[in-house]
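Quick notes on the structure that follows.
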Amino acid sequence: MPHPNLWEVKNVYQPVRFVTEDLSQGRIRIENRHDFLNLSELEFRWAVRADDAIVVEAESLQVDVDPHATRERTLELPEIVPSPGVEYFLEVSIWDDVHHEVAWEQFELPIAAPKSAVDIRRVSKMTPRVTEEELRIEGDRFVITFDRARGTLASIAYEGVEVLRLGPEPNFWRAPTDNDYGNEMPARLGAWRSAGSDRIVQDVSFRQNSARDVIVDVVAQIEPGGSRLETSYHVYGSGDIVVDHHFIPGRPGLPDLPRFGMTLTLPAAFDHM
């Protein structure tokens, strides 16, 4: 994701604004931006979500907030023992009497447990084989191949079955919406459309931490602002691949970033997750 100090996120105006005071204590401020409507005529709802699962969902409540006034509310959040790698969010919203969502917001709760690490001692040994064209890593039941010229993860074969159709590629673009066309987003931000595919790979290196894990580092330059991409693939003897993907902006004044991530394509037969 873009660093918050580098990219400004502009929220759509909402007639009710939510501000966190102390999420560890469930405290939140509700600001009524209406000119005449008291929020007691609307329904206030909140829920706690763990990734895509709802942990608790409160019944509809009323909040008495006069127009252009603000009131603090303390929510009785549940005691949560966090699971490794799971993100927890507080979702708040205001609804009218015809079940239309008037305003909403989502806040990340300050609870987390570290992701489970791969236990190096319990995974199989691997054999890296290097040629001018590729780096081939052979494990117990898999073969992972990197294209050294393109700096990409080109193949994952598990028990002889190819898992990838196209490996991960940097992506900075998304499909424009009607509003995007209205504000000329495709023209204003068009520099990012092919930034990933047109990148220039400057260096591909690898190092073997142990007989059971290998790290592949890829450095590339992209056209907008002379920016830089750094991607690290940590391959374990279990077949796990941990990817760290970093974007370092070049000169200031770059256009807004529509999206930042990676895309990959699986074989058509893989239609269940």
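The values are calculated or read from the model by the stated rules, or taken from the named source; none is laboratory data. For clarity, every value in this text was computed on a predicted model and none was experimentally measured. A quick note on method: Cβ atoms are made from the backbone with ideal geometry, for glycine too, and the neighbour counts reach across all protein chains shown.
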Among the residues of the range 68-76, is any under 17 Å from Ile28 (Cα atoms), free of Cβ contacts under 8 Å to residues at least 24 places away in the same chain and either assigned to a loop (DSSP other than H, G, I, E, B) or basic (Lys, Arg) (or both)? no
Filtered residue count, the range 205-218, keeping only those that are surrounded by 19 or more Cβ atoms within 10 Å (Cβ to Cβ) and either under 12 Å from Tyr233 (Cα atoms) or among the small types (Gly, Ala, Ser) (or both): 4
Lone qualifier among Glu87, Glu133 - being of a type in the set (Asp, Glu), without any contact (Cβ under 8 Å) to a residue 60 or more places away in the chain and closer than 30 Å to Ala58 by Cα: Glu87
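Quick grid of which residues meet (1) under 30 Å from Arg141 (Cβ atoms); (2) touching a Lys or Arg at 6+ places or on another chain (Cβ under 8 Å); (3) free of Cβ contacts under 8 Å to residues at least 60 places away in the same chain:
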position	(1), (2), (3)
Asp180	no, no, yes
Glu184	no, no, yes
Arg188	no, no, no
Arg207	yes, no, yes
Ala211	yes, yes, no
Gly250	no, yes, yes
Identify, from the list Ala149, Ala112, Ala157, the residue that is modelled with pLDDT of 95 or more and surrounded by fewer than 16 Cβ atoms within 10 Å (Cβ to Cβ). Ala157
Any chance you could count how many residues in the range 216-273 are under 28 Å from Asn183 (Cα atoms) and part of a loop (DSSP other than H, G, I, E, B)? 13
Of those in the range 1-51 that are at pLDDT 85 or above, among the acidic types (Asp, Glu) and exposed (fewer than 14 other Cβ atoms within 10 Å of the Cβ), the residue farthest from Phe260 (Cα to Cα) is Glu41
As an exercise: evaluate Phe36 against (1) in contact with a Pro (Cβ under 7 Å, 6 or more places away or on another chain); (2) in a strand (DSSP E or B) and give the number of the one condition it does not meet. (2)
Based on this model, can you work out whether Ser227 counts as small (Gly, Ala, Ser) and touching an Asp or Glu at 6+ places or on another chain (Cβ under 9 Å)? no
Breaking point among (1) of a type outside the set (Asp, Glu); (2) part of a strand (DSSP E or B); (3) at pLDDT below 90, for Ala117: (2)
